[in-house]
Amino acid sequence: MVPRYSRPDMVAIWTPEARFKIWFEIEAHATDALAELGVVPKEAAAAIWEKGAFEVDRIDEIERETKHDVIAFLTNVAEHVGPEARFMHQGMTSSDVLDTCLAVQLAKASDILIADLDALLDVLERRAREHKMTPTIGRSHGIHAEPVTFGLKLAQAHAEFARNRARLVAAREDVATCAISGAVGTFANIDPFVEEYVAGKLGLSVEPVSTQVIPRDRHAMFFATLGVIASSIERLATEVRHLQRTEVLEAEEFFSPGQKGSSAMPHKRNPVLTENLTGLARMVRGYVTPAMENVALWHERDISHSSVERYIGPDATITLDFALARLTGVMDKLVVYPERMLKNLNKMGGLVHSQRVLLALTQAGVSREDAYRLVQRNAMKVWDSDGALSLLELLKADPEVTLSNAELEDKFDLGYHLKHVDTIFARVFGAA
């Protein structure tokens with residue numbers, strides 16, 4: 001976890017204090033369930049809630065001797081509870097505590113990330129509607145293709161992040177499971193009721209079948225989902241970075257008063273936030289492969305996954321939380337230049353309308369091959385002139401082009417390309 005790329009609410013989920021608090025709740029709820037079954041005295045279960053406490057420093061001190069974090073925790077709690085503490089952890093194994101705790105933490109982290117996505121979606125919808133009919137050039141391979149609107153670009157991003165939200169909701173449900181099933185998952189020394197009871201108290205579902213651990217395919221899917229979200233962040237960040245290039249300058253990150261772009265060049269206004277987002281996306285995706293490799297544990301369990309998850313649980317969620325908040329801020333304050341968009345769209349002498357002319361010629365009886373040759377022949381002259389020549393005028397002067405001047409002029413109407421924007425917006429945002 002890097003403080004520079006962290007926000008306090010998400011960081012709080014992963015502190016030692018928060019982790020041990022969840023451990024305590026798991027143990028205390030489990031003891032309550034055992035008391036209901038008559039396995040332990042109800043007075044003992046009550047004493048754990050009343051007297052139970054822990055100190056992180058003391059746990060660390062004990063662990064230096066025991067080399068076992070759960071035993072160190074139980075020992076420290078017992079120092080506060082007294083003799084009744086012997087009834088804690090009855091029939092349980094360490095992973096019952098660790099895995100159930102991780103499920104709680106990932107569920108809480110998911111809730112923050114879902115709220116982050118909601119905030120981003122709100123901004124994207126507002127900016128998309130603002131620029132719904134702002135014409136700009138669509139590019140394929142980085143080359144001018146045909147007109148779109150800037151609102152459509154943002155609507156596409158909204159649809160993508162809406163899919164990501166649905167994926168994360170599903171991943172949260174999948175990973176939020178409780179396992180309190182004993183040493184190898186057979187419930188030999190603890191009744192399944194305890195698992196059901198604790199799951200209900202913690203807002204988790206019951207793991208249908210565990211070994212000593214919750215199956216790691218659940219966690220792999222969770223972190224893979226975070227990786228997909230990170231890739232979507234990078235996609236939108238990369239779009240902004242390209243649009244901010246000096247040669248394009250159709251949009252740019254907000255540059256605040258007093259901000260400096262370069263230590264050497266006072267004129268610079270660099271896309272530092274979206275470049276940062278590109279790097280953060282790489283980090284989040286970097287946690288996906290270790291999560292995948294955690295799936296194949298030996299038999300009922302080994303601990304090869306444990307060190308991995310101590311890294312990737314906090315780091316992936318904290319980093320993604322920060323990245324989503326930063327992207328929301330970028331898009332909220334993004335400076336858009338409609339005039340520059342229109343200027344760039346018209347830069348290449350009408351080449352963006354070539355397909356309409358091609359199709360019109362085929363409708364007029366010209367073979368597709370000949371129509372393509374005629375349009376391309378004139379288009380390349382415009383291309384070589386760097387847009388100084390006009391495709392429309394060249395086509396009018398070409399004796400092989402059988403369309404009338406009026407018919408040709410009709411094919412250079414910008415509005416033609418925007419006639420279905422309302423339809424697309426209705427698909428993304430609803431009929432309103």
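Structure above, values below:
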quantity: Cut-off 15 Å between beta-carbons: net charge of the residues surrounding Leu374, Lys and Arg +1, Asp and Glu -1; calculated: +1
quantity: Volume in Å³ per residue [convex hull over Cα atoms, computed for the chain]; calculated: 205
quantity: Alpha-carbon centroid distance for the pair the range 1-64 / the range 260-335, whole angstrom; calculated: 29
quantity: Per residue value of the accessible surface for the range 351-411 (all protein chains in place, 1.4 Å probe), Å²; calculated: 56
quantity: Column: log10 I(q)/I(0), Debye, Cα scatterers of the range 1-90, q = 0.14, 0.25 Å⁻¹; calculated: -0.54, -1.17
quantity: Accessible area (Å², 1.4 Å probe, nearest 10) - Lys381; calculated: 100
quantity: Protein accessible area in the range 351-411, 1.4 Å probe - carbon and sulfur %; calculated: 50
quantity: Top positive-direction residue, dipole computed over the range 186-231 with Cβ charges, set Val198, Ala188, Ile229; calculated: Ile229
quantity: Charged-residue dipole, Cβ positions (Lys, Arg, Asp, Glu), the chain about Cα centre, Debye nearest 20; calculated: 1900
quantity: Computed over the range 129-195, Kirkwood Rh from alpha-carbon pairs, angstrom; calculated: 16.3
quantity: Solvent-accessible surface (1.4 angstrom probe) belonging to Trp383, in square angstrom, nearest 10; calculated: 120
quantity: Leading residue at positive end of dipole, the chain (Cβ point charges), from Leu395, Gln105, Ile26; calculated: Leu395
quantity: Under 14 Å, Cβ to Cβ, from Val40 - net charge with Lys/Arg +1 and Asp/Glu -1; calculated: -4
quantity: Computed log₁₀ I(q)/I(0) - Debye formula, equal Cα scatterers, no solvent, the range 351-411, q 0.20, 0.21, 0.25, 0.27 Å⁻¹; calculated: -0.66, -0.73, -1.04, -1.21
quantity: Å² of accessible area per residue within the range 1-159, as computed with a 1.4 Å probe and no ligands counted; calculated: 44
quantity: Accessible surface of the range 251-311, 1.4 Å probe, proportion on carbon and sulfur as whole %; calculated: 59
quantity: The range 62-117: C-alpha pair distances exceeding 19 Å, %; calculated: 47
quantity: Estimated [θ] at 222 nm from DSSP helical runs (n ≥ 4, -39500 (n - 2.57)) normalised by residues in the chain, nearest 500; calculated: -20500 deg cm²/dmol
quantity: Hits among lysines - C-alpha to C-alpha of Lys201 under 19 Å, sequence gap 8 or more where chains match; calculated: Lys21, Lys42, Lys108
quantity: For Ala179, net neighbour charge (Lys/Arg +1, Asp/Glu -1) across residues whose Cβ lies under 13 Å away; calculated: -3
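The values are calculated or read from the model by the stated rules, or taken from the named source; none is laboratory data. Treat the numbers as computed from the prediction; the structure is a model and nothing was measured. Neighbour counts are summed over all protein chains in view; Cβ atoms, including those assigned to glycine, are modelled from backbone coordinates with ideal geometry. Note: areas computed on protein heavy atoms with side chains; ligands, DNA, RNA excluded. Shrake-Rupley method; radii C 1.70, N 1.55, O 1.52, S 1.80 Å.
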